1. What pairs can you find where one residue is in segment B:635-657 and polar (S, T, N, Q), the other is outside any loop (DSSP other than H, G, I, E, B) and open to solvent by 50 Å² or more (accessible area, probe 1.4 Å), and their Cβ atoms are less than 8 Å apart, with a gap of 6+ or different chains?
2. Looking only at strands (runs of 3 or more DSSP E) that fall completely inside segment B:11-113, which ones have 2 or more residues that are hydroxyl-bearing (Ser, Thr, Tyr)?
3. What number of residues in segment B:728-741 are assigned to a helix (DSSP H, G or I) and in contact with an Asp or Glu (Cβ under 8 Å, 6 or more places away or on another chain)?
4. Give me a count of the residues in segment B:163-207 that are more than 13 Å from chain A (Cβ to nearest Cβ) and within 26 Å of A:Pro134 (Cα to Cα).
5. Starting from segment B:793-804, take each residue that is without any contact (Cβ under 8 Å) to a residue 40 or more places away in the chain and away from every other protein chain (no Cβ under 13 Å) and list its partners that are in a loop (DSSP other than H, G, I, E, B) and of a type in the set (Val, Ile, Thr), counting only C-beta distances under 8 angstrom and pairs at least six apart or across chains.
6. So if I check each of B:His999, B:His974, which one is assigned to a loop (DSSP other than H, G, I, E, B), in contact (Cβ under 8 Å) with a residue 40 or more places away in the chain and touching a Pro at 6+ places or on another chain (Cβ under 9 Å)?
7. So which residues in segment B:958-998 are charged (D, E, K, R) and crowded, with 20+ Cβ neighbours inside 10 Å, if there are any at all?
8. Name the one entry in B:Gln544, B:Gln579 that is without any contact (Cβ under 8 Å) to a residue 12 or more places away in the chain, away from every other protein chain (no Cβ under 14 Å) and open to solvent by 50 Å² or more (accessible area, probe 1.4 Å).
Amino acid sequence: MSEAVRLQSPLVGFQLDARADAGVILRERAFCSHLNLRGEQSDPAFAAAIKQVLGLEVPFTPNTTTSAGDQTLYWLGPDEWLLVAAPEQAATLEAALRKALAGQFASVVDISGGQTVVELRGGNARDVLAKGCPLDLHPRAFGVGQCAQSHLAKCPLLLRPLADGFEVVVRRSFSDYFFSWIEDAAQEYGFSVVS
Amino acid sequence: MSAQAKRLDRGGRIDRATPVNFTFNGKTYQGCAGDTVASALLANGVHLLARSWKYHRPRGVIAAGAEEPNALLQLETGAYAVPNARATQIELYEDLKASSVNAWPSVEFDAMAINGWFARMIPAGFYYKTFMWPKSFWTKHYEHYIRKAAGFGVAPVDHDPNRYEKTNAHCDVLVVGAGPAGLAAALAAGRSGARVILADEQAEMGGSLLASTQTIDGQPAAEWVSAALAELATLPEVRVLPRATVYGYLDHNFLTIAERLNDHLPLRARSANRERLWRVRAKRVVLATGAHERPLVFGNNDLPGVMLAGAVSTYTNRYAVRLGDKAVVFTNNDSAYQSALDLHAAGVNVVAVVDPRSNPQGELPLAARAAGIRIIDASVVTEARGGKRISGVQVMGLTANGEVGGSAQALDCDLLAISGGWSPVIHLSSQSCAKAIWSDEKACFLPGKPVQAEVSVGACAGEFTLNAALAGGLAAGAQAAQLADFETGVPATPEVRDPLEQPMLALWRVPSPAKPGRGSKAFIDFQNDVGVSDIRLAAREGYQSIEHTKRYTALGFGTDQGKLGNINGMAVLAEALAQTLPETGTTTFRPNYTPVTFGTIAGRDLGELFDPIRKTALHGWHVEHGAKFEDVGQWKRPWYYPRPGEDMHAAVNRECLAARNGVALMDASTLGKVDIQGEDAAEFLNLIYTNAWKKLGIGMARYGLMLKEDGMIFDDGVTVRLAENHFVMTTTTGGAARVMTWLERWLQTEWPHMKVRLTSVTDHWATIAVVGPKSREVVSRVCPDIDFSKEAFPFMALREGTAAGVAARVVRISFSGELSYEINVNANAARQVWDAVMAAGAEFDITPYGTETMHVLRAEKGFIIVGQDTDGSVTPQDCGMGWAIKKTGDFIGRRSFSRPDTARSDRKQLVGLLTSDPNVVLPEGAQLVKNPNAPIPNPMEGHVSSSYWSANCGRSIAMALVKDGFKRMGETLHAPLGDGRVVSATICKPVFIDPEGAHQNV
Amino acid sequence: MLLITCPWCGPRAESEFSCGGEAHIVRPKDPDALSDAEWADYVFYRTNTKGDHAEQWVHTYGCRRWFNVIRNTVTYEIKAVYKPGETPAGGEA
């Protein structure tokens, strides 16, 4: 999209509130490029095409990710992956992937407007997520390199452990609820929103 | 009486240096930090705490924990009120205020105690018998009387000011109970590195050890507890939860824990969260829940001053309370002799120990005898005497064949410690579906063979010695860790010496020396006032199952769930039915172990966070422009946009007129959208929809109806073809997730050979509908690179280009019958495009409209809304939409059209209705009849599904589902309304504007 | 709260799943060849088994895949989990 376009992320309107003593620190990585990929794991051409365009191995192991630079591929299902890349890459990547996957039983769909990336850090990031998410978030069970789709209360989400917190992919229409929920649940720990 | 007059001079775990003032029944008392309300009242010599439920008999504290049936208090008032709090579990805090429940006007003088005089007139089942007739008396008299006479505490009516948290937790080993067995298990498991949660319902961990006089490794037991807790605190993966009741053991090792976070604090010091509900998934569970002592059953065994022997030791040793001056102990086993020794050591005159066994020779009886305590063997207490406090007991001999006889002797006392043996707390084990096993040897139910990944240790497994608890706990903890894949060994058991005991003598009720029907009442379930006679009555009246007897007599139905009384009750029933206890069986233990406050269960699932409020990318604009919102599924959609001074009616009329006469716009982003790709995509749509898709041109759109296999309408929407093998489907707002799951289900389970890929794009695309005769002019300005001429951009076509500089898909489509376009853009840019449309439409007074206007506009054209005009029992034919059904080829639901019921020609069919008075708007849902004066039941002819005021028609319009409606054009039906009016309306075709479709053909 | 092992994602809480009812209800290849009674049997009638019951579940909040579960309707024990088109280990579907 051109520079002239005024964009609004799903979390538009939430005030930044940096607090040093917060146990939960939220940061939005707005406007990332999100592409949904579907293809055949059994077809070697699929992984080859992805690798050719992105330089990334397709994570075939369920609930794992592969990353390079600012691009991450998430396993979503046995024939479904999510690519998150830097802002303003969606159209270029979509075209390149479509071209590379031409003729395959595969699809590439831009969903950049439909979801956003949020990072949760701080000493209580795991505690606040555990209040609404049934996953075992302990590092022994859920470590860097893994990802999982689950829910926080009634909000669907995609989670990825970071070295010092969690990355959460939230659907646009649920982001308001997600934010309000986290803000309320983090009250006992102290809550901060940073840029 | 001076403050804490009954406090022992030394000993106990209370903090004498921190006095705590509190109020009970309006009178101020002082206790100490570390007291419960029960121990503090007892330390002030207060034994009368409550009145019983049915007979309003005086009651005191009988136990020292969760099993307490009597000492229920109304704690605090207003928003912080807690009904039926157990005095034995309320930690004392400054300015605590409590009062008796069930007492009116006061616990000292209870007017309802007269019920006790009429006890024989209100036997078991009295509800069912006495108050049956006449029916009208129920609401007017009986219920009022029963409520007043029988109610427990009063529920708060104010908004609960507390916050409640819920959290999910996972662990390798969950240990329930922090007595000797639980602490040992937590240590053994924790040392392995396993993730351990140790939960105990008390503030202080240690369980029975906190009142024990035994030593462990030569140290006082309490010191071993301190050392164990200190070690657990050093283990990073061990979480210790005091004040935490594991109240539910559910499926697949899922357990629920209510942790009380601030109930022990003065009200003014309470902030943050009151309770936290832990929802724990445990790989292994170690149950170390201990045992409850059973009362003995004899006449007036409910008098204040009659207490369980173990509780007597607890109040004496742990809380340093002098419970009386002259004590009698009545026991059928050795353990209560320890209580006699504890009382003796505390300076209480122990008048005698009464024991039904002959010449008991266990170590504790011998020690009691050596201490000079008189033992009256082969004898029982047949009756207690007293008013608001016990004043003495009557003792008689017990013959070998179990009858009382000989001369009665009277002993004076103000305290009677009783023990009928111990019942393992098998509640959680039973909840986990292990079937309890009766042990004759131990005279109790033991936990059954585990069904889930759990094990019971210590007293709750019927292992009542300290050595067995420690050894069993260590072994179970280590094994649980091993089973959770941790390598560890069993630590050595500390050095402990337990007294040698002799077997108990099962004594479920003391035989009454009085004639049947005479004598004083012997209670089994104290809280529900169920006596021996009530259970026998139930048996005489034919109740043979313990589950039925329970419901008839209310045995075990109190807030204590019969923790003390159930076993005695079953034994009495077994005897009355001349069968064994295992034959009689036990009632089912269900969650919750102790009552859980509603707030804890609700947690954060209330108010704004109860359900997601989903918002579109344009929500902020709608708010800024004064929209009123409507809930559509989880979405907030603008309902209408009132201008200053406008009510809903005026605003909707204005919006409707603008859409048909000028230009209007609506946020349609909530429609579900599914991207469909693959070489079988068109074939897939052929099966999913009722119409044909293969010949749809690229860049063209088509409306589709989706059915379930029963032939009924399930969803609808417009699907566009972007390329040969690429479609985008729209669904209803509320049906989006349902449809996506439905489509995936067919592809994954039924048609895996089809090459179709689906992706939800609902949230990605923002959709702006621009509607009305001036819409072409507006969108032409916003999308300069698209040719909007009639010829270049026909109805039901799609064009790609830009809108306000943003990549856009524009579809010429209409849900209003007017010329209209839907602009789809990346939601991040929605606001920019919406603003551009508003700016381009300014000269035409472009009007934003909401869902109400959308509904009116589509009803004026007779377009259905799935879920409003259909209800899962409506076929396409019923809606007059046979045109949407293809003639050849299969699709979901087609075969059901020829089922006899679906093929009937006189089904309820969708028609229009015009009221005789054009100013009357029928209520939606109104039933229609032929003759409003016909007798009830008046046959229903159908119902109104949609009904509005139409500003464009200048009158009301309605749609209705009417039996055989298509053939009844012109017939008048009547809608009798709840307010007495009868509205007449005439059946017509459901198209009220532009029947030839000229408006959009421009 | 059941613990359900998704064939792809592994053990997850029941709240992530939705149950779709009895499994192995195969859509007739030629619906027109069926009598009304046979068609009704396919559309409306289910076995309502007491005991081991084959069910379809979908990992709604997870990988969104449908799969089959043998669940005992009395004990709630899950005996087997298998993908569409597969048969459960050690038994007939």
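The values are calculated or read from the model by the stated rules, or taken from the named source; none is laboratory data. Computed from a predicted model, the values in this text were never measured in an experiment. Cβ: placed from backbone, ideal geometry, glycine included. Neighbour counts: every protein chain shown. When the accessible area is computed, the model is the full protein with side chains, heavy atoms only, and any ligands, DNA or RNA have been set aside. Shrake-Rupley method; radii C 1.70, N 1.55, O 1.52, S 1.80 Å.
1. Pairs that qualify, where the first residue is polar (S, T, N, Q) and the partner is outside any loop (DSSP other than H, G, I, E, B) and open to solvent by 50 Å² or more (accessible area, probe 1.4 Å), are B:Asn653/B:Trp949.
2. Answer list for segment B:11-113: B:15-24, B:27-33, B:96-100.
3. Counting residues in segment B:728-741 that are assigned to a helix (DSSP H, G or I) and in contact with an Asp or Glu (Cβ under 8 Å, 6 or more places away or on another chain) gives 2.
4. At the first step, the residues of segment B:163-207 found to be more than 13 Å from chain A (Cβ to nearest Cβ) are B:173-192, B:198-207.
Then keep just the ones that are within 26 Å of A:Pro134 (Cα to Cα); that gives B:173-177, B:186, B:189-190, B:192, B:198-201.
Residues in segment B:163-207 being more than 13 Å from chain A (Cβ to nearest Cβ) and within 26 Å of A:Pro134 (Cα to Cα): 13 in total.
5. B:Phe793/B:Ile786; B:Gly801/B:Ile786
6. On the way: B:His974 fails: assigned to a loop (DSSP other than H, G, I, E, B).
Among B:His999, B:His974, only B:His999 is assigned to a loop (DSSP other than H, G, I, E, B), in contact (Cβ under 8 Å) with a residue 40 or more places away in the chain and touching a Pro at 6+ places or on another chain (Cβ under 9 Å).
7. Result: no residue meets the conditions.
8. Details: B:Gln544 fails: without any contact (Cβ under 8 Å) to a residue 12 or more places away in the chain.
Going through B:Gln544, B:Gln579 in turn, just one is without any contact (Cβ under 8 Å) to a residue 12 or more places away in the chain, away from every other protein chain (no Cβ under 14 Å) and open to solvent by 50 Å² or more (accessible area, probe 1.4 Å): B:Gln579.
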